Amino acid sequence: MKSTEKFGTAPLSKLLAEQAIPAAVGILTMSIYAIVDTIYVGHFVGPEGIGAITVVLPITFLISSIGMAIGVGGSSVLSRALGDKNHPKAFKTFGNQVMMTISLAIFFVMIGSFFTDDIIHAFGGKGAIEAPARDYFKILLIGVPFLAWSMMSNNVIRAEGYPRVAMFAMIIPALLNIILDPIFIVALDMGIEGAAWATTISYMGSAAFTLRHFIYGKSVLRISVEYCKPSLPIIKEISALGSVTLARQGVISVLAVVLNNSLYFYGGEQGLSIYGIINRVLMFANFPVLGITQGFVPIVGYNFGARLKDRVQKILKISIAWASGISMLLFILLMTFAPTIAWLFTSDQELINETIPVIRTVFLATPLLAVSLIISAYFQAIGKAGPALFLALTKQGIFLIPLVLVLPLYFGIHGIWMAFPIADLGAALVSFIYYKLSHPKYPKKSKIEAPQVAASEILGNE
């Protein structure tokens, strides 16, 4: 397990760079592919195609976020177990992650296939958007279990100390999608279904790559029937911490329902198409903060498990400083090049004209994202599920959803766009105040162990 030992000894700035840069590159690549995907749909399918993607993606990501939740929750357990030198628990944790991800993803895909029309309608798939949204959703459901697996395993790979492998696991599906989009959408003239098949095949490619890492790669963790046997204490720990991620995605999906229906009510299909563009730009604007957050989590988890308090506090400060600085640069770029960004996605001049001021409104508080995201991830990394859950839900649950419902009553559709920077500001303030008032206790030596593994087996895998 030497790949993780550096978390407790190496210089923190170097460690964060080693972990965060690959994560950020992976997220950036994914955001670029989502942008390219939307550009092709916008130019070759039309505004209704952008609206259909806007409706469907929150649904598929809600289902696949089960894998992300299990990955994030389990990785917190893994990192602290490795920092505590509790290798048997690390092995058993991964086995339970595998079992939980596969079974739950398949179950929820079945639910999605049985209630397709009801789900599409609930998420705002109405009018001219309904038919393409249904076509897109039915195909994407096929790839959701593969996406869930990729999300889970990506977090585990980073917890093991292999950030570059995790980066390639994100780059591969992005490249596949960029290659397949023009083939399916343009050359084969498959329209929105072509976009769906390109995305689904890319999910399969990512899943195959991560599976290879655990079977043939450097991973010390192996997929074994013995370790996949349910362990109630471990499942409870994974679920408690993973519930933070799942609840966050659940609230994001509730937000999507509220937002899509509000946009349709106040702005029709055009309102949904504008948000489709904004949502893609959001992914790009958030990539440095998300990359630093993902790189920061295993470092914090390991050092907290090893009871290295000074290193935990120092890496938190470094991470917020780095993320805030890069976000400020992106903020300047977004404000300056808003017209060019809108033009990239569509040739519809009316849509371009309406999108430009929306970009400048929605991204007003971009530099504050670092505070709320990193502090929430900090509590999750140290195993404090309650505070992590509260902070994770602050932006969408406490601020954004109520604001999206109330502000349009006075300002129309402009009130929806104003809700975003106000929610970012509120979430940052709450997170900062909560962190200042809290004083996490460092753990005693762990007494929880998974079923015993022969020492020779552990040493042989290192």
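The values are calculated or read from the model by the stated rules, or taken from the named source; none is laboratory data. Being a predicted model, the structure only gives us computed values, none of them experimental. We place every Cβ from the backbone using ideal geometry, glycine too, and count neighbours over all the protein chains shown. To get the accessible areas, we keep the full protein, side chains included, count just its heavy atoms, and leave off ligands, DNA and RNA. Shrake-Rupley method; radii C 1.70, N 1.55, O 1.52, S 1.80 Å.
Sorting 186-195, 144-153, 91-100 by average packing, meaning the other beta carbons within 10 Å per residue, from highest down gives 144-153, 91-100, 186-195.
In terms of packing, defined here as the mean over residues of other Cβ atoms within 10 angstrom, the peptides 282-293, 53-64, 169-180, 404-415 line up highest first as 53-64, 282-293, 169-180, 404-415. For the chain, with all protein chains present and a 1.4 Å probe, just round the carbon and sulfur fraction of the accessible area to a whole percent. Reported share for carbon and sulfur atoms: 70 percent.
Taking a ≥ b ≥ c as the square roots of the eigenvalues of the Cα gyration tensor, region 235-287 is classed as oblate, since a/c reaches at least 1.5 and a/b does not exceed b/c.
Highest mean packing first, where packing is the average number of other Cβ atoms within 10 Å per residue, the peptides 110-116, 302-308 line up as 302-308, 110-116.
Computed over protein heavy atoms with a 1.4 Å probe, the accessible surface of the chain works out to 40 Å² per residue.
Rounded, prolate or oblate for region 379-425? Axes are the square roots of the Cα gyration tensor eigenvalues, ordered a ≥ b ≥ c, and the cut-off for rounded is a/c under 1.5.
prolate
Just reorder D424, D118, D310, D348 by solvent-accessible area, largest first, 1.4 Å probe, all chains present.
D310, D118, D348, D424
Binning all Cα-Cα separations of region 233-352 at 5 Å, short to long from zero, yields these whole-percent fractions: 2, 9, 12, 14, 15, 16, 12, 9, 6, 4, 2, 0. Given +1 at the Cβ of Lys and Arg, -1 at the Cβ of Asp and Glu and no other charges, the dipole of the chain around its Cα centre is 2440 debye to the nearest 20. Counting alpha carbon pairs within less than 8 Å and at least 6 residues apart, what relative contact order, in whole percent, applies to region 308-424? Once normalised by length, the contact order is 26 percent. Dipole orientation for region 262-324: of the candidates I277, F304, L263, F304 has the Cα lying most toward the positive pole (charges on Cβ; Lys, Arg +1; Asp, Glu -1).
Positive end of the dipole of the chain (Cβ unit charges, origin at the Cα centre): among V72, P402, I252, the Cα lying farthest that way belongs to V72.
Remark: the Cα gyration tensor places region 66-146 in the prolate category, a/c being 1.5 or greater and a/b exceeding b/c. From helices alone, the chain scores -28000 deg cm²/dmol at 222 nm; the rule is -39500 (n - 2.57) for each run of n ≥ 4 DSSP H residues, then divide by the residue total.
Computed 3J(HN,Hα) for region 19-24, one whole-Hz value per residue from the Karplus formula 6.51 cos²θ - 1.76 cosθ + 1.60 where θ = phi - 60°, is 8, 7, 4, x, 5, 5, glycine and proline marked x. Projecting the Cα atoms of I192, T29, G386 onto the charge dipole of the chain (Cβ charges, centred on the Cα centre) puts G386 farthest toward the positive pole.
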